[in-house]
Structures are given as C-alpha cells and as structure tokens.
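Note sheet for the following structure.
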Number of protein chains: 4
Amino acid sequence: MGMWIGRNRKARVTYGFDEIALVPGDVTVNPNEVNCDFSIGEHTFKVPILASAMDGVVDVKFAVAMGKMGGLAVLNLEGVQTRYENPASVLEQIAKADKDACTHLIQKMYVPPIREELIAKRIKEMKKAGIVVAVSSIPQKAEKYGAIAQKAGADIFVIQSTVSTVRHVSSEYKTLDLAKFCKTMKIPVMVGNTVTYGVSLELMEAGISGLLVGVGPGAACTTRGVLGLGVPQVTATVDCAAARDAYFKKSGRYVPIITDGGMNKGGDICKAFACGADAVMIGSAFARAQEAPGNGNHWGMATPHANLPRGTRIKVGVTGSLKQILFGPATLDDGSQNLVGAIVTCMGNVGAKTLKEFQETEIIIAPSIKTEGKLFQTVQGVGMGTR
Amino acid sequence: MGMWIGRNRKARVTYGFDEIALVPGDVTVNPNEVNCDFSIGEHTFKVPILASAMDGVVDVKFAVAMGKMGGLAVLNLEGVQTRYENPASVLEQIAKADKDACTHLIQKMYVPPIREELIAKRIKEMKKAGIVVAVSSIPQKAEKYGAIAQKAGADIFVIQSTVSTVRHVSSEYKTLDLAKFCKTMKIPVMVGNTVTYGVSLELMEAGISGLLVGVGPGAACTTRGVLGLGVPQVTATVDCAAARDAYFKKSGRYVPIITDGGMNKGGDICKAFACGADAVMIGSAFARAQEAPGNGNHWGMATPHANLPRGTRIKVGVTGSLKQILFGPATLDDGSQNLVGAIVTCMGNVGAKTLKEFQETEIIIAPSIKTEGKLFQTVQGVGMGTR
Amino acid sequence: MGMWIGRNRKARVTYGFDEIALVPGDVTVNPNEVNCDFSIGEHTFKVPILASAMDGVVDVKFAVAMGKMGGLAVLNLEGVQTRYENPASVLEQIAKADKDACTHLIQKMYVPPIREELIAKRIKEMKKAGIVVAVSSIPQKAEKYGAIAQKAGADIFVIQSTVSTVRHVSSEYKTLDLAKFCKTMKIPVMVGNTVTYGVSLELMEAGISGLLVGVGPGAACTTRGVLGLGVPQVTATVDCAAARDAYFKKSGRYVPIITDGGMNKGGDICKAFACGADAVMIGSAFARAQEAPGNGNHWGMATPHANLPRGTRIKVGVTGSLKQILFGPATLDDGSQNLVGAIVTCMGNVGAKTLKEFQETEIIIAPSIKTEGKLFQTVQGVGMGTR
Amino acid sequence: MGMWIGRNRKARVTYGFDEIALVPGDVTVNPNEVNCDFSIGEHTFKVPILASAMDGVVDVKFAVAMGKMGGLAVLNLEGVQTRYENPASVLEQIAKADKDACTHLIQKMYVPPIREELIAKRIKEMKKAGIVVAVSSIPQKAEKYGAIAQKAGADIFVIQSTVSTVRHVSSEYKTLDLAKFCKTMKIPVMVGNTVTYGVSLELMEAGISGLLVGVGPGAACTTRGVLGLGVPQVTATVDCAAARDAYFKKSGRYVPIITDGGMNKGGDICKAFACGADAVMIGSAFARAQEAPGNGNHWGMATPHANLPRGTRIKVGVTGSLKQILFGPATLDDGSQNLVGAIVTCMGNVGAKTLKEFQETEIIIAPSIKTEGKLFQTVQGVGMGTR
C-alpha cells in the first residue's frame, strides 16, 4: 500500500470526488420511498445537510429557515454576528467592497471584540423559533463560549479549527482538555476538522458526538495552496468512517461523521455519502440563497486572519430560495438546486433505501479529465424512468 | 483488482474513450472491402449507428431519411411529437428562446399530455415510407404505449430510462414485469440504459433483444455531475459485452449491445466497437443535420424534468446533410462528418473485415492530456496510403 | 503487463513525450565535443533530423538548403510540386485563403493529375545541387514512381502511408510486394509509418533500409481523433527500436528508425533519441523557416483527402532562417530554434558522446500536468555551466 | 520499481509538488513555539530560505536586507552587478523593454566583460553591513572568482550550473577539480544543481558544504521544454536527502541540501521540507519585493545565453516589502506573502517542533487536477484554531 516517491520513501495514493463515480445498483428504488434521516445526539433531521458556520451563510434568520426545513445551520460565535449589535451594514460593506480592497476590509471588520451578551442574544433568538440551535467557536474559546452557549439554550456546540487534535502542544496558552470539556457539557459536542483514522478515534474516545471531516480537501483549496496540507475527501471520509465503525464496535456508541468541504457539484454530495458520511456540511451552495446574510457573497473564517489571511470574498450570486436549493423545483440545470432531490434520486438509482445502505454503494475510480472541443455533446438521460 | 481508496475500501479503476487508443494491425485491409453490418432481431442494417430518441434529433422525416440510408432512428413517444399535432412551432420556439429562459420554456412545453392517437399516427407515417420503425418510452408507460405501438406497426420497441434494472422497487406505482412484457410483445424489445455485467445478464434473461449501454459516461455528463452516478464507456462496454458473450454461450441467443453516449469524436465511435459494441447510438452529431427537427439545437429527455432538470438546450448548429454526416464527402475536417467512412477506414487500418473482428482490436491505455502551446503542430497522416 | 479495463480485457499502458523526462548523467560532457551523426544506407548526415514530405515544408529550394547544412529533406512526389510546373502561385493561394474555405481549396488544388516529367525534373534540380536526394510516394504508386525516381537520380526512396504493413489485403487493386520492390530498387527504401514491434520486424525482413515510426502520436492528433487509432511515441519508439535491435542481432543489418510526429518542443526531440530513435522527422518546425515553400503555412497529406479530410492548414508563421532553426543563434527563447544545439546540450548533460550512447539515457515518468496561476515562476538554469 | 514504457524498457515514476500533499499530525503544536533554524558550515540562519543568484532578485541592497532579517541571499558574480559600475540604468532598460525585444536586449546587456575589481567591491559592500556574504559563479570560473571572493571577505562560495557533476569531460577547456577546490577554499563551498543520489554522494565526497537540488523541476520549466531534461522536485529532494543521510552515516559530516526551483505556491515550500530539504532557494517570490533590483521583473541566467537562450524576462510586479514576503502581515491572500508564517503554521499542524521533525511528515499522493466551473467554491479554514 503506497507508491515509491523517491529512494527510501513511500506515499499512499489518495482520492478526491473528481476521481470517483458511483455504480448504478442491481436493484433500483422509487426515490420517493427512500429515507435520508440523519441524527446527532437525540436530534434527528430530515435533511442530512448542515450549513457551515460562515458569516456569509448563517445568521439567525437563515438558521431558523434551515431548521424549519429539516436541516441544521451552525452559527459562528466569532464572526460579525457577535461583534456587532446590527451586523447588516457591515455585511453590506463587505458585499460592496472593491475586489482588491476586500481582504483588508474584512480583516478590519473582525477587529472589534466579541460581545458575550450578543452570544446569548443570538442563541435566544434562534431558540425562540423552535429550532435545534448549533453554534461554534475555536478550541481556545470553547470553555468560555461553551458555557455561555449552553446556558443560553444552545442544543449543539461545535469546536472547529483547520486541524483539530486531542493533543495540542503549547506553553504560551492553556490548551483545551477535550475529554473534560465533553464531560462538563450537557449538550452534544461536535469537533473538527480532521482527516485521519487515528485522530478520529482519539476524538471519539474523548467523548465527542459528531466529527467534521475535511482539511485542504481540494487541489485548489487555500489550505492546500498556502500550507501544502490536506487530504482529498474520498480518502478522508473513508478513513474517518472506518474509525467511526471501529469505535462503534468497541464502545457501542455511534458518532456520526460529517464531510465538510470539497463538494463542488451535487454529485459530490452523493459521493460523500457513498464514502461513508452520515451528513455533509456545505457553505457556498447556501451563500447563494435569498435567505443568506452575505448578499450573494462568501468568505471563510481564515480570510480575516491578521497575519496570514487565506481565501478572499467570493461573489457567488443569489440564485434562488433556500427551499429551491434544498428541494427544488430547480430553475437552474447545473445541479446547484434541489440538493435533497439529487440525494434521493441517486439513492433510488443505486438501490439504497437508507443512508446506511447508501454508504455501501459500489465506488469506481473514473477518469476526471475533461475533453475540450467536444463534437458530440452528451445530453444524457431520459431521466424520468427511475424518478 | 482495484485500488485502495481508503483504509478498508477498494475501488475498481475504469476507463473512458479519452484514456484509450487503438493499435494498428499486423495486416491492413482495403476499407472499401470491409463489412460493418449490424442486426437486431430479424432486421439487418448497413449502418451500425442508431439515432437517439431525442426531440431535437428524430422526427418522422429524419427517421425516414436515416432508414433509407441504412441506419435506424428511434422516435421518442413522450416528447413533442406525440403532444402536439404540429410540433414545428414548438421546436421553433425552443430554438429561438433565450439561453437563460430555455430550460424553463422546455419544462413548460412538455406539460401538455401525450395523445395516444398521435403515437399511432407517427408510427404509420414512418411505416408508410417502408423503413424499419423504432419507438421508445419510459418503463412506467411501456405496457400501455408498447401495445399501441405494436398495433400501429412499429418494428422495434425501446424502453429507456437513466438506469434500468429488472428489479425496480416501488409501492407507490406498479413496476414493469419485463419478462412478461417481452413475452407479450411480438416485436423485439430493446432496453437501457445499464452499465454493469450483472444487470445486463438479468435483462437478457428477461428476454430483451438489444441493450443500450451508458450511464453518466463522461466526467462532464450531467448525470455524473448532478447525481455522482456513472461508469466510463470503455469499461461499461467491455463489461456488458462480456455479459452478452456469457449469455450467448449459455443460451445460444445473441443480444446485441449498443453503446449510447460519451462519444465526442469520430474516433470514440471506433473505440466503442473495439470495446465490443455491436452498434452505437448517437445524438448531437445528428442534431447537426439539415434533416434534424431541432434546427441545430439539442436537449435531453431530462431537461424538461419538472423538479430536477438536467442538461439544457445546446446550440450545435446545422453543418451538413445527413448523407454527409454518415458518408461524406466531409467539408469539415474535424471528424464530425463521414462517420461510416471513419469506421471503415479504422477497420482497414486495424485489419478487421467485419464488426466481429473489429471487436478484437488491440486496445492500449494512452495519455489523454493535451499539451498547450505546441511549437510543432502535428499534421499527421499521408493518409491516402491505406484508403 | 497491462491493466484491466473491464471484466475480461486488459490493455497495455503506453507513454508519450509529455509523460517522461530525462535524467542528468553521473558524468557530463562538453557539448562541443559530442557527435550526433546519423546514417542511412551509405549516406551519413551531420544532422539527425529529416524534414517531412509535406508541401508547406519541402520543395527543391528547401531540400537543397537542408542538404547543404547536413540534414535530409524528403520531397513529396504526390503534392503540388509534381502537379504544377510552377507551384508558387498555388502555394500562395493556399496561404492567403480564408480559414473556413481552406480545406475545400486544398482539396481542389490536389485534383490536377501528377505529371511524371515533373517527378524527374524536380529530382534532377536537387541532384544538380550536389545533395542526397530523397522522395516519397504512397504504396500504391511505389512501383511506378520508384522506377522513375531511381532513373532520375534519387538517392533514397520513401514509401509512406498512415499505417504501413507488409500484408495489405485488397481485391480491388494490386497490393505492393515490398520484398520484391526492395530487391528491385538499387537505392535504399525507407517505409512508414508503423508503431509496433511485429510490423517493424516484418518490414525489416522485407529489406527496407529505414523505418518511420509514428501513428496518431498525440492525443490531439487528427488520426487519433477521427479514427481512434494511435500509439504514443515513447512506447512506439521503444518498441520499434527493440525490433531494430532484434533484427540486427539476427541479421547483422542495422536498419535505423526515425521517429516521425508528436514532437511539440525541442525537449521532445531529445526524448525521442533517448527512447531509441536514430533520427527524427519533423514538419512544422521547418514550416516556419524562411526557406519553406508554405509561406508560414503547414498542412498534411490527409488534408486534401476528397472524402475524409483530416487536419487543416495551420498558420505557423515565418520565424527565422533554416540555419537559425537548426543551429541558432536563437532569437526566440521557446526552444523552436537551434534544434541541433538542444540535442548536443542535452547529450552533454546526460553524458552521451554519441547518439548510440544517447539512446541509453535514463528515462523517468514525470507528471505532465501544468499548474495554473503560478506565484513563483521558474526561470531555471544558470545554463552556461555545462555549455 | 518502475513501469514498462515499452517492450524492453522500464522507467521510474517520479513526483512533483502538485502531486503530493501533507497529512496533519496526531499532535499539533503552537506555531509560535516551533524552530526553523537552518545551518551551513558555521553559519546559522533563522530563516531557512535562500534568495537565488539572479539579477532581478539580488543586489547588494537586497542581500543586506535579507541577511538582516535572518536569511541568505546569493549574489551572482557573472551578471550585471559585476559588469557595470552602476547597473541601475541597465536594470531599468530591461524592465522597460518591449516583451518581444527583451531577450535580445538581455543578450546584449551581458556582453560587456566581468570586471574583477567589481567582484571585490560588491562583496566588501555587503560585508560592511555585517551580514553573511554568499556569491556564485559557474564551474569554469570557480577557481578564478573563488580566490577573489574569498580574499574580498565572502563567507560562502556557490558553484552553479544547470547540471553539475564531479566528472565533467572536455578536451577543449580545463575542467574544475572540485575536491582540490574545496580543499583550497577556506570558506564553505555550495554546489548545484543536481537531482540524483549518485551525483549527490560524489559531490559530498568531494568536500562540498551544501547542495542545490533541482534540474528541470516542473513540466513548464524551460530546461524540461528545451532539453527534455529534468526530475520533479519531490523525487529529486527525497533522493538527494537519502544521499545526505547515507553520507552522514558514513562520514559524520552533515551536508545540508537546498531545494531550488519548482516551488510555485507557499505550500510547495512546506512540501520541500517534508521531502527532506534543509532549506529552499527561491527566485521570483523575492523578485516581487520592493527591495529587489529588477523593479518587478525576473529572468534567469540562461536568458542571456548567446546561442540557446532559455526563458525570458517575466513581469512579476512589486507586491510588498521583503519583510511582508517573509513574515507578513500579508495583504495578499494567495500565499505569496508571509512565507515563514506558512512554514511555522504548517509545522504546527503536522506537529513538528524542528525542521528535522518536519522532514518526517507523512506525505500522500493527492490528485492535482483542478475542477473547472465549480458550483460550491471551497473557502476552507476556520484557521485560527491552531494559530
């Protein structure tokens, strides 16, 4: 297992979504009759898609809409929503900023301190709407914000950083004792991101209730470009799913894994499930919703980094309602709308009645190189046969 | 057989047309002396190319022209031809529609119900011209439309959906009993699409007389993009050809397989035969014919899907007569005209006197990456040597 | 040896120039002291580069210039030079023609019959200048034109077609008996093109004195696109070189192989030698010479094909004198000038004193994918160290 | 080890930076607490990055700035700095020249002879500023310029050519006796470039104190394009690091290796260390500094080659101060600024406390093909977790 990359060194071959495809089943199922429920802790969701804790995607209004439709949106506790009483004007400035000035502006907008009373306020606003409330912070702030969030009524707490491990070394600051934190918290704790079997096992053993999978997922990803770091999502998801299954066998506790990032097309979401994901987390597809706070703009939490900003604001445009994006009817034909429709249609075609069965789909390695200058354009699919 | 894509999971490596090439033979044959006949049921065709059941490609006029020239066109029983007494104005509207409004317009144009008397009428119009008549429907309508079509004089009935299996599960609607259907019908039944050995065998055992091969054939295909589903055509064709040969050995009945989709260049058609195809089915190459009803436009049967449209109208242009496309003389030098000429020239170069011998051609895996910025452009071929 | 491309079928993996690179030697040699002589029959050339028998590249004037500088140009006996007393105006019309009208114009220009007295006249014009004269025809005309050419004083006769074999099957016309032809001719006979070990051996056993290697060399090649046919040049050259060595071992007669086509950059020429070539044949690099008859235009002998034209006229531009292209000084920095300089510099860097040693260079498989959007452009090479 | 590329020939598979990625560690470290010191001879540098001996990058002023910040810049003794008393106007002319005229102008600008008194003068100017002074020449001039440089106070002498070996064959000129030269010199001698285990060992045995690794590193590199020569940097670095370790085991002397060229993104620098590099040498990232003499322009030492120029002047633009490029704060988000920040952040994420530990990072082979037309743009990284 592994190829020689030089005289005395081997490297594993890994795969991303572009390199694989799913094989149709021996049996097909009516897509209207499949079940794609996803559970975390005691909460069950009809839609196995989470919205990323990004400031252009999730605010209170968006989270409520997502919750009402059966999904889960995570609110970032360290963005503009908790730095500004009224973040709308800040978001508008970012949307209107010149492309070149944008990163610098975002850096500036994230300088004002986080106000703890706003953390509680945002959670209560969401709670009042009757949805499952999920919020996130970085590891260094988890103890402090976790306590505030739980007290304010949050249902799920997410700790997220580029690379999360149980064993972080620092003499400069106090590192988080994750096992102790999970024990202290009465609500489920989700942690990410990771990509390896070993760290997944350690995080599960520390007591987490959900795992976010994905570091530098794509070749074009800023983490991969700036730091050289990353594992393609097919291999990362398969490996972390293996850790989940091993941990379940040992402990009897099932910790769902959520593939986060690297999904560029609707088909990539389907592939993530086939690789073993229990759910997926998505950002920019939702940044295109009318309900999203970014006004058709999208940026990551590494963009405002003062010293080493990674990724900039991207104009994704507003293309439809959240309902259209999740359930259709699609007015676009590019696979960016009706994501749940894509999931159940694919499940029907591979013959999976549940997400658990979907995880068993046969995967093939398929060439990803696009041909230029096609003479005979493929317009495949007398598609109504199985739908 | 297969590569590790993660800790506990292997995936087969599959191939598409771009990844392979054909090796010239030890013997070469005068192309004028090769035979490329193709048979389905009792019908034999001089041209082993079928025209896809797509509304921009096949209407009565086109099917008659194709039949007279030795090929076979399939008329779609669920498109505009059976919804409108006079579909010309509908087709014109689609051709003239704005790019952005187009998918929505097509969705609207497919709302009016299918009229059964038009099914019979179209078939009789074709029959009157003395050609072999083939028509298609989705599985759910096969029993109903199959009976009408047979009665009206159709010679071949095609059941087509994105993914076809013998075992389809649904409690919402009654599923087709394919074995019973094939027994009931007096004319040959072709079914598709599939891509696997197992399903091919089951379909043949159910009594079909022809098999369409191809699901999500190319990386750019909408089925692959939207659903993640698909098998590259080289592997799909080789696998289904193996099922054909195994079934023939067991039963003595030869069920031809037709590679459908993913052929972007003339060379891809040749490669499909070398992989084991008995014929190929092609859409957009024919959408460019003067005889095609789409006025130089092309769209698939998944485009009008109300909830999850896939693929849009593509302007392919009108580039010549059907005769030129099939037999030349080519006025274009890009391989989109004189398709039969390409087949027989390739057969001559690999030394195949029949399609059966063509299926034995040596295949190599050849790099598909295009070099940019060439200094020395290749203008290969003092080509009149073997022609 | 070979990969599974489907259930019951294997295919060899083959390589082109883009996929490989050459490894610097343990020893380096002063490039001024290496020898790159090439011999065919009794003729030895200082420059191991042949100019292709293409009408935009070789006329009498060009062949004389090439010969005087130590190389060999092949004049096409079936192009404009033997159809027109004064082909200059025809060449000018082709050069000036509109892109779209061009293929059709070329087809028309090749309709006038070949005039046998012009064959003799062109050969005598070249002969008078004191150079080694090489001319070419297709197999069907070899007996007739070979006799005329030999009588007129030609030194080398070339038989060229897309795919050449010893065993060509036709009842429509009489096929060439190559062994007999080689015996009849008093001058060396070169034949091409081929790409396989088996056919190379058969051709050598038939008595040829030189072999042209290359069918559908690149993924963008028209033979590959239109017919699906081709073998990448690295594998083709290695295989045919193996046949040459096996034949030499058995017979004691050394038949040089000339890699023809698929060389897009100066480095590709070097790679061809490392794969085992004794010489290379090049077209469009020479079409850019001031001495070339095409006025900066280039087209192949398959372009005028009446029924299945492949490849069109390409504007390559006039970039310098033949002397600059062969020996520099280069005013361009893209590797299209000073081709002999590139060969000897590479020989110096891999430590080869002769072409025979150059054929032993270590080859690696190296990634060919270009990175887009480079931050740190590589401007490699404090190059005067080994030069 | 190796793949068949033809009938009787195998080739090793090699890798470049685009093909690999680094795997996050089981442990992570606070990036502020890692150490990335690099030593050559008795000199230790806080910044393990060298600036290339290129005329658009390094002059006295730049070298002093680089030295003061903890890095090392190499001054080219054969460029404009030693040919002109005041090179500023020459550099300005090159910067302002027309793209097409540029290579020819550079050729002309390098014609005036090198003035030995300027060699001494430049070294003394740098020495006076209190930095470690490194200068370079080609092998043929090493004896002469080495003596002058050492006498003038240089601390490190670099011998650089496209391909360097201990055994260079020439009867035309006297070749350098490297072992004798290293013994004669009192200051450390660095030599490059090489890419193979064998030559690395021979060079170390000859007494060098540092090795530059890199010949034709990338597919787009001019050495690869013009000469076909080159080894991708992952394999080259792993192989040369193996030679370093083998030589250290045998001799007890540690000769650092410096990966030079082929690093297109910040992540590539991190990957070079993971492959075993002790330091990296970089050109164009520094050509973009306000302190660089090229005014935002960059060209290599093979550009002025009179007969076979390779590579031309590239406009890279001035994007920030050297301080920003090395340490940030980055105002660009593309990874071209804060290179040291990228190194220590990556070290933190893989859990490496020293460069020696960084060299042990797990490497994977990861797909490098970019997807076009992404629907869901990845804006990865809630990056402040581990930073």
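The values are calculated or read from the model by the stated rules, or taken from the named source; none is laboratory data. This structure is a prediction, so every number in the text was calculated from the model and none was measured. We place every Cβ from the backbone using ideal geometry, glycine too, and count neighbours over all the protein chains shown.
Some observations on this one:
Here is a yes/no grid of residues against (1) modelled with pLDDT of 95 or more; (2) of a type in the set (A, V, I, L, M, F, W, C):
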| site | (1), (2) |
| --- | --- |
| C:N8 | no, no |
| C:R12 | yes, no |
| C:D18 | no, no |
| C:C36 | yes, yes |
| C:T44 | yes, no |
| C:D59 | yes, no |
| C:G67 | yes, no |
| C:N76 | yes, no |
| C:D98 | no, no |
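- Residue selected from segment B:303-315 under the condition within 18 Å of B:A97 (Cβ to Cβ), in contact (Cβ under 8 Å) with a residue 40 or more places away in the chain and of a type outside the set (D, E, K, R), by the criterion surrounded by the most Cβ atoms within 10 Å (Cβ to Cβ): B:P309
- B:V13 being over 22 Å from B:P217 (Cα atoms) and not aromatic (F, W, Y): no
- Among the numbered conditions (1) in contact with a Leu (Cβ under 9 Å, 6 or more places away or on another chain); (2) surrounded by fewer than 24 Cβ atoms within 10 Å (Cβ to Cβ); (3) at the interface with another protein chain (Cβ under 8 Å from one of its Cβ atoms), the only one that A:A242 does not meet is (1).
- Within segment C:147-177, tally of residues that are among the basic types (K, R) and either buried (at least 24 other Cβ atoms within 10 Å of the Cβ) or at the interface with chain B (Cβ under 8 Å from one of its Cβ atoms) (or both): 1
- Test: residue in segment B:227-237 that is over 20 Å from B:V13 (Cα atoms), within 12 Å of chain C (Cβ to nearest Cβ) and touching a Pro at 6+ places or on another chain (Cβ under 8 Å): no
- Contacts under 8 angstrom Cβ, first residue in segment C:191-212 being in contact (Cβ under 8 Å) with a residue 12 or more places away in the chain and more than 11 Å from chain B (Cβ to nearest Cβ), partner charged (D, E, K, R) and in a helix (DSSP H, G or I), 6 or more apart: C:M204/C:R244; C:G207/C:K183; C:L211/C:R244
- Flag if C:P87 is away from every other protein chain (no Cβ under 13 Å) and either surrounded by fewer than 22 Cβ atoms within 10 Å (Cβ to Cβ) or under 30 Å from B:V199 (Cβ atoms) (or both): yes
- Failed criterion for C:K68 (all others in (1) facing another protein chain (nearest Cβ under 8 Å); (2) touching a residue at least 12 places away in the same chain (Cβ under 8 Å) hold): (1)
- Applying the criterion of being among the hydrophobic types (A, V, I, L, M, F, W, C) and closer than 30 Å to C:G341 by Cβ to the residues of segment D:281-302, the residue that is surrounded by the most Cβ atoms within 10 Å (Cβ to Cβ) is D:A287.
- The combined condition, being aliphatic (A, V, I, L, M), more than 13 Å from chain C (Cβ to nearest Cβ), under 18 Å from the mean Cα position of the chain (by Cα) and closer than 14 Å to A:P24 by Cα, is fulfilled by B:V215.
- Taken as a whole, the condition of being over 30 Å from A:A11 (Cα atoms), free of Cβ contacts under 8 Å to residues at least 60 places away in the same chain and surrounded by 15 or more Cβ atoms within 10 Å (Cβ to Cβ) does not apply to B:R9.
- For segment B:85-94, the criterion of being touching a residue at least 40 places away in the same chain (Cβ under 8 Å) and within 19 Å of the chain's Cα centre (by Cα) is met by no residue.
- Residues of segment D:48-62 include none that is closer than 30 Å to D:L339 by Cα, more than 14 Å from every other protein chain (Cβ to nearest Cβ) and of a type in the set (G, A, S).
- Residues (closer than 15 Å to C:E85 by Cα and either surrounded by 13 or more Cβ atoms within 10 Å (Cβ to Cβ) or hydroxyl-bearing (S, T, Y) (or both)) located in segment C:105-119: C:M109, C:Y110, C:I114, C:R115, C:E116, C:L118, C:I119
- Scanning segment D:1-41 for residues that are within 8 Å of chain C (Cβ to nearest Cβ) and under 24 Å from D:T361 (Cα atoms) yields D:R12, D:V13, D:T14, D:Y15, D:G16, D:D18, D:E19.
- Any chance A:Y254 is aromatic (F, W, Y), at the interface with another protein chain (Cβ under 7 Å from one of its Cβ atoms) and over 15 Å from the mean Cα position of the chain (by Cα): no
- Inclusion of B:I325 among residues that are part of a helix (DSSP H, G or I) and more than 10 Å from chain C (Cβ to nearest Cβ) is warranted.
- Selection from segment A:283-292 of residues that are part of a loop (DSSP other than H, G, I, E, B) and either within 14 Å of chain B (Cβ to nearest Cβ) or charged (D, E, K, R) (or both): A:R288, A:E291
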